[in-house]
Structure formats: C-alpha cells, structure tokens
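Beneath this line is the structure, given in structure tokens, with notes to follow.
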Amino acid sequence: MTARTLYDKLWESHIVHEVRDGATLLYIDRHLVHEVTSPQAYEGLKLAGRKPWRVDSIVATADHNTPTRNWEKGIAGIADPVSRLQVETLDRNIKEYGARVYFPFLDKQQGIVHVIGPEQGATLPGMTLVCGDSHTSTHGALGCLAFGIGTSEVEHVLATQCLVVKKTKCMNIVVEGALGRGITAKDVILAIIGKIGSAGGTGYTLEFTGNAIRALSMEGRMTLCNMSIEAGARAGMVAVDDKTIEYVKGRPLAPKGPMWDRAEAYWRTLASDPGAQFDKVVMLDAASIEPQVTWGTNPQMVTTIDGKVPDPAQEKDPVQREWITRALKYMALKPNTPITEIRPDKVFIGACTNSRIEDLRVAAQVVKGRRIAASIKLAIVVPGSGRVKRQAEQEGLDKIFTAAGFEWREPGCSMCLGMNDDQLSPGERCASTSNRNFEGRQGPGGRTHLVSPAMAAAAAIAGHFVDVRTFN
Amino acid sequence: MERFVRSEGLVAPMDRANVDTDAIIPKQYLKSIKRTGYGPNLFDEWRYLDHGEPGMDHSKRPLNPEFVLNQPRYRGATVLIARENFGCGSSREHAPWALLQYGFQAVIAPSFADIFYTNSQKNGLLLIRLDAKIVDRLFSEARDAEGYRLAVDLERQTVTTPGGENFSFDIDPFAKHCLLNGLDEIGLTLEQADKIRAFEAKQRERQPWLF
C-alpha cells in the first residue's frame, strides 16, 4: 500500500460516495452548532419539511452574542434584543430538534464552541468535524479532519450528515528544533502566516509536523491549528501521539473501558506514513522564531517584537504598496516606528485562539505581583469556557489578574469579534490574543495587534509592546 | 440554489487586496436570524460615514462619497472586480448574501478564499478567477470607460469585454453543473440515503465510539 498522509487517512475513512468530477460525499461524525450561523439553516430545514439526520452528532452552545458580565440578570443580561433573539432562537431550535449535548447561555459548562469541543471529548481523533465557523480548524489538533462551513452547508449536514466536498491539496509545515524561552504556539503560527501569507494555504489542508510541534502541549497545538484559516487553509492538523491520548482520556464524551482500548489502538495509527507525499512542504527553524506582533489589518502583516512598522515606499508591487499604505493609515502608524513604541489602550486575553488554561497560566505568570500601566483603559481576561474559568479560579489565577488591574469575565467569544458589548471604540488600540486584526473586527474603527497571551500580558503592564523574554 | 447561466452588466472596481468577510458584512448584522435584508449593509463601514446598527433606516444614513460603490457611475453594478484573496476570514455566509442582495451576480478576482468560494457557489453568486494581469487590465478599462460592462457566460466559461475580447476561466465541473442547473444539493444528497445508511452501519462497526 502506498504511504498515506494523515489527511488521506481521515478523508478516505469518511467517503460515502464519489459524486462526480472529483466531488465526494463525505460523512460528518460531529457537528458543532452555535447561535450565529445556525438559525437560517434550521429555518431552511423546516421550510423543506426535513429533519436532522442524526441528532446525536450535534453538540451546541451559545458563545458569540453572550455577555461576559451580568450573568446574574439571566437572559435579560443580553441587553441587545437582536442578540437575545438569536440566542433564544438557538434554544428553541435545540429544544425542537434535539442535540447530543447543549450548553446554553448561563450553563456552567458553556463556552466558546472550539474550547468546549475538545474539553468535553466531543472532539475525538479520527473524526470528521464541522461547524459554521471558520475557526473549526482548531480541532485538527486532536488528529481529526475539522473545517469551517457556511450556513448552507450547516443545513446540508443537518439534513444528510454529509457534505459534498472536493479533496484539497496537502501542505506539510515542518517546524524543527527547540522554541526559545517565552516563545509560544501563537508566535509559531504567526511566524508561519508571515512566511506563507494569508492566502498561502488556500486550497490546502495543513499538517504541522516536526519536533517543535510534538513538543507543544495540546492547548498549544489547538492555538496552532486555530489559525490555519488565517493562513488561508480550511483545515490544519497534528498527528496523534501520547499527548493526544492523554488529553482525551477521561473526558465526558470520550469512550470508556474496553471501547477506549479499541479507540486508542485505532487513534495511534493516525499519523502520516513515513515517505507520504505532500503537495508542498514548508520548513521553519523553531529556534529562529521570536515573539510576534501584527502591525496591520491582516494577520500576514506581522513582524517580531524587535522589528519596525514597514515603509510602503520600499514595496515594489503597486497592489501591495497600496494595501500597506491603507493599513498604516487605518492603524494610525508611521513607517519605521519600532514595535516597542506602540501603546495599546486595551488588552484582551481570550478567544478560541488563546483562552485555555495554559494560556491563562502563562499570562498570569507575567502579571503576578504587578499592575497594569496607567495608560491602559481596560484589560480583560475572558476564559474560553466555564470549565476553564473554574479551573483558573481553583489555581488562584483570577486573583492574580484582578490584583493586577485586569477584569475577570464570564466565558465567550467576547472582544475577538465584539458581537456582544466587549468592543473597541473608534481609534482605540488593542493588544489582543485573538486571531484577526481586520478593520473593525473588534469594534468599528478599532485597531488590533495580535500577540500571544504572554506578550499581551507584558504589554498591559508596560503600557507598550515589550519583549516578554527580557521583561521578567 | 439559484441558477447562474449568463449575466451582462455594469462593472464596479474594488481595488483592494485581501478584502475580508468582516469588511463585506460587519458583525452586528450577523445577529439577524433571517436570510435577507443584508444588501444595504454590504461594505457597511466603508460605505457610510456613520456607524450602522441593525434596525436603522439605512437609506437615511450619510454615504461616504469616496467609496467606489457610492460613485454615481457605478450605481447598479452587477459585476464586481476585486484583487487577490477576496473573501478571506470568517465563514459567514452573510457575505455572499449581502453581495447578491446588493445586486452583484458575479465577482472577478485573481483568487478567492476557500470558504467564501463555497458559500458563494451555494447561493448562485459566480466567482471567476482570472490571471492577475487580466484583472489589472479590467481595472484600468473599467476606470477609463464610464459605463464599462462585462458579459459573463458560465456555459462557455468566458468573460467578454465591450471590445469583444474573450477571457476564458476555469471552474470546477461539479460547481458548474450545480450552478447551471440551480440544483437542490440537499435533495440530491438525500437520493443517496441508502449509501449514507450503509456507510453508517459500517462505521458503527469500525468506530463504535463515534455513535
């Protein structure tokens, strides 16, 4: 048998039928549902008189519109009636059609869909997993094929448990060597995006390999796969190893007893075979990766902490020059400004990229015993889920953050996209652990700089971006 | 799904690379539980001078006169030309909904993001990839000649300029088939219900922990 990539294995084990012209009917094992991209899909289902094919594949939660304060007010805590209706619509749809598990707003286990999937064991190695959200790529960290879909495809999966898709090409991103002290998965993925560009992965599935990837924790791998979409790839993945198995074991929805042993034996086959051919290979030297900070309005617009804002005059390509010029105008940055002179107004630690327990531990370590700079108007920590929040509180991390001047909030997507009240005001600058620095992403006119949790924490204390490696 | 066969119409040039779906339709409009009503909010932050929220009367809001779609010569455009990586970012299907409901029927660019490409196809919005040099030419022609129109023929896979020049484009044959026929993909898949059930039965044996 020819050597196969991990992607080949996951793909081939889910083919229901070859439709035509390379389009494949692919079976979907797990369907994660949230309130923003599902209402029109349920409505479509209803209008066509159809029923969900397999309700026990669905795990649902409300995360995008939910507030991170005032939970004691209950549903009335969602001040915006349009947001409230969307959350209530999900409640109604799940009540009417059902789900394997539902974590509604205010539930103790509610959280960002991409955080609760893995932590509940709803995400398992070897699966196909989809969600109406581009950051579904996160789940590939567990050795599964996970990708974001639109609302039409949400309806398709609800009605048929399948998707009509074409196999992508496969890119191997190899990161060899040891990461330097203070360098995290966020820096690795930002460096990768800086190298291949925000469309570098278009048409590909990414598989991250190399000893630097194997050395990452599961949380780190999730951060890495999360931002595959910012490199243009719908899916990213990491092979199963001992860490994967250890992570999944004992999770509420994970198999138990003899079933566990069978599952584990299968999962351990989920790695690319030696000699498997990739369509493209990109190599990175782990030791050369430095703390990353974005300066523009696309994740590809990134440099190192000791770098400077680029000068568009140096760019030869007119389209690129125009793009950089526009970004600098929006970001109110002058060419050649050292990154360390950029001063955020707000700091956001959270989002499906960086809101897991490990992220909070790293950030807490930086701020411990210190105070945020007087110039910081607001610094918030938004845990990824109720479970993460309680774990952090047990470890006393909440106290460390609040003593430093951070606000400790309830879980949700929050200021990553500001569908709730957590937003930037026009012109405000934010050090953010989220994944997108697009214009207006965190609030109209808001200016986002993407960084790791450690770098965001250090910027909060210093009042400007600073190299976390020399900060302590 | 809406059919797409051919279209001929006024061209608007969107001269920005990497236009993301947050720009195409900002988040506040994603709170709607409907499939319609997104047209007035296409490119909302670039198009208006004030900040828009759902429920406003958008026809009364101050327009940004510098924004390309607000220039009188591009009113009523049905073909958008754009730069590379158009539609990157969020998977929101509200982006193609907004483009279609504004009146666009086709978008021409050197490249598109994957999820946006799929979402557009599912809604009958035709995305056409043309070489960056050709797109560059279309940009200059559209700017130079007021009332510049293009004809798009999906069957023949061509874009035709007013001068009669033809540019052919590639499209995935299955996507073309679905678009030309306006197929109900869910209905088609359900014709394979027996195969899906058979797969499930096999999968239940191989990986029972998934059920």
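What follows draws every value from the coordinates through simple rules; no lab data is involved. These numbers were taken from a predicted model, which means no experiment stands behind them. Neighbour counts run over all protein chains shown; Cβ positions are idealised from the backbone, glycine included.
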Discussion item. Apply the a/c threshold of 1.5 to the C-alpha gyration tensor of segment A:176-335 and tell me whether it is rounded, prolate or oblate.
Written reply: prolate
Worksheet item: Charges only on Cβ, +1 for Lys and Arg, -1 for Asp and Glu: so what's the dipole of the protein assembly as shown about the Cα centre, in debye to the nearest 20?
Response: 880
Worksheet item: Of A:Leu333, A:Gln292, A:Trp267, which is farthest on the positive side of the dipole of segment A:255-352, counting Cα position, with +1 on Lys and Arg Cβ, -1 on Asp and Glu Cβ, and the Cα centre as origin?
Response: A:Leu333
Response to the item:
Using alpha-carbon positions, the gyration tensor of the protein assembly as shown gives root eigenvalues a ≥ b ≥ c; with a/c under 1.5 called rounded, otherwise prolate if a/b exceeds b/c, else oblate, the class is rounded
Worksheet, complete the sentence: Flagged as over-length at 24 Å C-alpha distance, from A:Lys399/B:Lys31; A:Lys51/A:Lys108; A:Lys169/B:Lys176; A:Lys195/A:Lys316, the pairs are A:Lys399/B:Lys31; A:Lys51/A:Lys108
Worksheet item: Hey, if you put +1 on the Cβ of every Lys and Arg and -1 on every Asp and Glu Cβ in the protein assembly as shown, which of B:Ile81, B:Asn123, A:Gly220 ends up farthest toward the positive end of that dipole?
Response: A:Gly220
Worksheet, complete the sentence: Length-normalised contact order of chain A, Cα under 8 Å, at least 6 apart, in percent, tallies to 17
Discussion item. Let me spell out the model: positive unit charges on the Cβ of Lys and Arg, negative unit charges on the Cβ of Asp and Glu, origin at the Cα centre of segment A:299-371. What dipole size does that give, in debye rounded to 20?
Written reply: 360
Fill in: Estimated vicinal HN-Hα couplings, Hz - segment B:104-110 in sequence order (Karplus 6.51, -1.76, 1.60; Gly, Pro = x)
6, 10, 8, 10, 10, 7, x
Worksheet entry | segment A:12-83 - charge dipole about Cα centre, Lys and Arg +1 at Cβ, Asp and Glu -1, debye rounded to 20 | 260
Discussion item. Can you tell me how chain B classifies by the Cα gyration tensor, rounded, prolate or oblate, using a/c under 1.5 as the rounded cut?
Written reply: oblate
Worksheet item: Could you give the radius of gyration (one decimal) and Dmax (whole number) of the Cα atoms in segment A:345-471, in Å?
Response: 13.0, 37
Worksheet item: How big, on average over all directions, is the shadow cast by the Cα convex hull of segment B:82-160, in nm²?
Response: 5.3
Response to the item:
The rounded separation in angstrom of the Cα centers of segment B:11-39 and segment A:251-308 is 31
Worksheet item: What is the Cα centroid distance between segment B:178-205 and segment A:183-212, reported in whole angstrom?
Response: 34
Discussion item. Under the √(5λ) rule applied to the eigenvalues of the Cα gyration tensor, what semi-axes describe the equivalent ellipsoid of segment A:399-472? Give them in Å, descending.
Written reply: 21, 16, 10
Worksheet item: What residues from segment A:321-338 fall in the zone where the backbone N is under 18 Å from a label point 7 Å along the Cα-to-C-beta line of B:Gln71?
Response: A:322-323, A:326
Worksheet, complete the sentence: The rounded separation in angstrom of the Cα centers of segment A:1-77 and segment A:382-438 is 26
